[in-house]
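Enquirer: Please read through the structure below; I'll follow up with questions.
The values are calculated or read from the model by the stated rules, or taken from the named source; none is laboratory data. This one's a predicted model, so the numbers in the text were calculated from it and none came from an experiment. Every residue, glycine among them, receives a Cβ derived from its backbone with ideal geometry; neighbour counts consider all protein chains shown.
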Amino acid sequence: MEKRDYYEVLGVARTATQAEIAAAYRKRAIKYHPDHTKEEGAAEKFKECAEAFEILNDAQKRAIYDQYGHAGLQRAGAGPQYHDVEDIFDAFSDFFGGGVFGDVFGGGRRRGRRVRRGADVRCDVTLNLEEAAFGVQKTVEFDRNEPCGECGGSGSAPGSQPQQCPRCHGHGQIVQSAGILRVQTTCPQCSGAGVVVTDPCRNCRGRGAVSVRRKMDVAIPAGVDDGMQVRLGGEGEPSQSGGPPGDCYCFVHVRPHSLFQRDGVHLILRLPITYSQAALGAAVETPTLRGREEIEIPAGTQSGEVFRLRGKGVPDPRGGRTGDLLVQTYIEVPKKLSKSQQEVLRKLAELEHAEVAPERKSFLEKIREYFTSREEDASARGEDS
C-alpha cells in the first residue's frame, strides 16, 4: 500500500513547529490507542501516526523527508524503526510522560526494562565540485563512546558488579498515579538502566564507556550536493540497554567552484565572447567537468543567450539521468584597445551611423514616438512643449 503523506497523517501543515507536531500526534495517539477504542483499523492508524511522528519529530529525518519524500528516507536508511505496537509504547512513553501509553488505559502493558538503540553521531566532510560530481572515498574522523576496557562496560570497578536499582527494582521504569491516570516514566535514579553503580570504575568513572576517536573511510556517492548526508549504519553510540548501536551521519559540504555554479543536477557556466564572435559567429572552446568541449556560436548571438550541453552536468544521486551544462554567453567589452582596433571600431561606428541595424532602428523609432506623443499631448492641453 502506498504510504500517505506524514503531514496529512497528523493533520498539520508542512511548516508546523515541533510543538504542533507533538500536540497533533498526542491527540491522534489517544484517539487510536488500541486500549482506548475498538474502532476498526485503529491499530493500523495508531502505527501510521507513530511512524509519521517518529520521522517529523527528528530534525534530520524530517529534512530528508521534506526534500526527497518516502523514497529518500528509504535510500538514506532513515526510515521508521518502530513497527510493532509494543515498540511504539516503549519508544515514545517518555516523551509523553507515559500519559498515553503503558498502564494509562489499564491495558496492563509490560513494565520491563526498555531496550533502546544507541544515539546517532555526526561527522563532516568537505569536497570540491569534481569530487561531489563523480564520487570519492574520504577518510573521516569522529568521536563516539565505546565500552570501557577495564570494567567491560559495566561501569563498576573490577571485582564488583552493578546493583539492582532500589527505586524501580530493576524495571527501569516507575508508575505513578496522576488522578485517574497511572503514569509510567523512566526511573530518575537509574535513568532507565535498572541498575546502579555503587563502586565506580576509575577509568570511566562509572559511565561504562570512554570517548574514542574513530577514523574510517567513507564512499561518497556520485552526485551528492551541499548539505546532503551519508549514513554510516551502526557507527554511532552503543546502546546502554543492550539494543543496536546508533548511526553516524556524515554531512557533506561542497566548496564553491571558480567556474561552475550548480543548480541541482545542472551546471551553469558564464562564457565571455567578443563582439566580433557574437556578430559573425564562431566555434568556441568551453570547459566542462569532463574536459574541453567545442560549441558553435551562431552569427547574431545576443548577450545572455544560453547553449545546452546535454549530459555534461552532475549525476543524479537518486539514480536519475545526469544533468546538463548550461553555457550562458555574455559579450566582453575590452577595457584597452590598440590603435588598429580603435580605427576599426571607429569605421564600424561610422557605418552604423549611416546604416542603422534593424533592432537599433526599431529602438530609436520608439524613442522618437515616445517624445512625439508627449509633445502632442502637451500641445492638446495648451502647454508649452
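Enquirer: Determine whether the range 119-134 contains at least one residue that is surrounded by 19 or more Cβ atoms within 10 Å (Cβ to Cβ), in a loop (DSSP other than H, G, I, E, B) and either at pLDDT 85 or above or not assigned by TED's automatic domain parsing to the domain that holds Thr17 (or both).
Expert: The answer is yes, given that some residue of the range 119-134 is surrounded by 19 or more Cβ atoms within 10 Å (Cβ to Cβ), in a loop (DSSP other than H, G, I, E, B) and either at pLDDT 85 or above or not assigned by TED's automatic domain parsing to the domain that holds Thr17 (or both).
Enquirer: Could you list, in sequence order, all residues of the range 213-230 that are part of a strand (DSSP E or B) and in contact with a helix residue (DSSP H, G or I) (Cβ under 9 Å, 6 or more places away or on another chain)?
Expert: Ile220, Gln229
Enquirer: Which condition from (1) closer than 28 Å to Asp316 by Cβ; (2) touching a residue at least 12 places away in the same chain (Cβ under 8 Å) is the one that Glu294 breaks?
Expert: Going through the list (1) closer than 28 Å to Asp316 by Cβ; (2) touching a residue at least 12 places away in the same chain (Cβ under 8 Å), Glu294 breaks only (2).
Enquirer: Taking into account only those residues within the range 354-385 that are surrounded by 10 or more Cβ atoms within 10 Å (Cβ to Cβ) and more than 56 Å from the chain's Cα centre (by Cα), which is modelled with the highest pLDDT?
Expert: It comes out as Thr372.
Enquirer: Sticking with this one: Only strands (runs of 3 or more DSSP E) wholly contained in the range 245-353 count here; list those with 1 or more residues that are surrounded by 14 or more Cβ atoms within 10 Å (Cβ to Cβ) and β-branched (Val, Ile, Thr).
Expert: 248-254, 266-273, 282-288, 291-297, 325-331
Enquirer: Let me ask another. Would you mention how many residues in the range 135-180 are among the hydroxyl-bearing types (Ser, Thr, Tyr) and assigned to a strand (DSSP E or B)?
Expert: Selection size over the range 135-180: 3.
Enquirer: Taking into account only those residues within the range 208-228 that are β-branched (Val, Ile, Thr) and more than 26 Å from the chain's Cα centre (by Cα), which is surrounded by the fewest Cβ atoms within 10 Å (Cβ to Cβ)?
Expert: Val212
Enquirer: For the range 135-158, enumerate the residues that are at positive phi and at pLDDT 85 or above.
Expert: Passing the criteria: Gly135, Gly155.
Enquirer: Follow-up question, since we're still on this one. Find the residue count for the range 15-33, including only residues that are over 30 Å from Gly227 (Cα atoms) and either surrounded by fewer than 17 Cβ atoms within 10 Å (Cβ to Cβ) or among the aliphatic types (A, V, I, L, M) (or both).
Expert: Going through the range 15-33 one residue at a time, the tally reaches 4.
Enquirer: Related question: Tell me which residues, restricted to the range 234-277, are small (Gly, Ala, Ser), in contact (Cβ under 8 Å) with a residue 40 or more places away in the chain and more than 30 Å from Val196 (Cα to Cα).
Expert: Gly264
Enquirer: Still on this structure, please answer the following. Return yes or no: is Ala78 of a type in the set (Gly, Ala, Ser), closer than 27 Å to Ala193 by Cα, modelled with pLDDT under 70 and crowded, with 17+ Cβ neighbours inside 10 Å?
Expert: Considered against the rule, which asks whether it is of a type in the set (Gly, Ala, Ser), closer than 27 Å to Ala193 by Cα, modelled with pLDDT under 70 and crowded, with 17+ Cβ neighbours inside 10 Å, Ala78 comes out as yes.
Enquirer: Working carefully through the options Arg231, Arg205, find the one that is of a type outside the set (Gly, Ala, Ser) and crowded, with 16+ Cβ neighbours inside 10 Å.
Expert: Result: Arg231 is the single residue among Arg231, Arg205 that is of a type outside the set (Gly, Ala, Ser) and crowded, with 16+ Cβ neighbours inside 10 Å.
Enquirer: Tell me which of these Val210 doesn't satisfy, since it passes every other one: (1) outside any strand (DSSP E or B); (2) touching a residue at least 40 places away in the same chain (Cβ under 8 Å).
Expert: (1)
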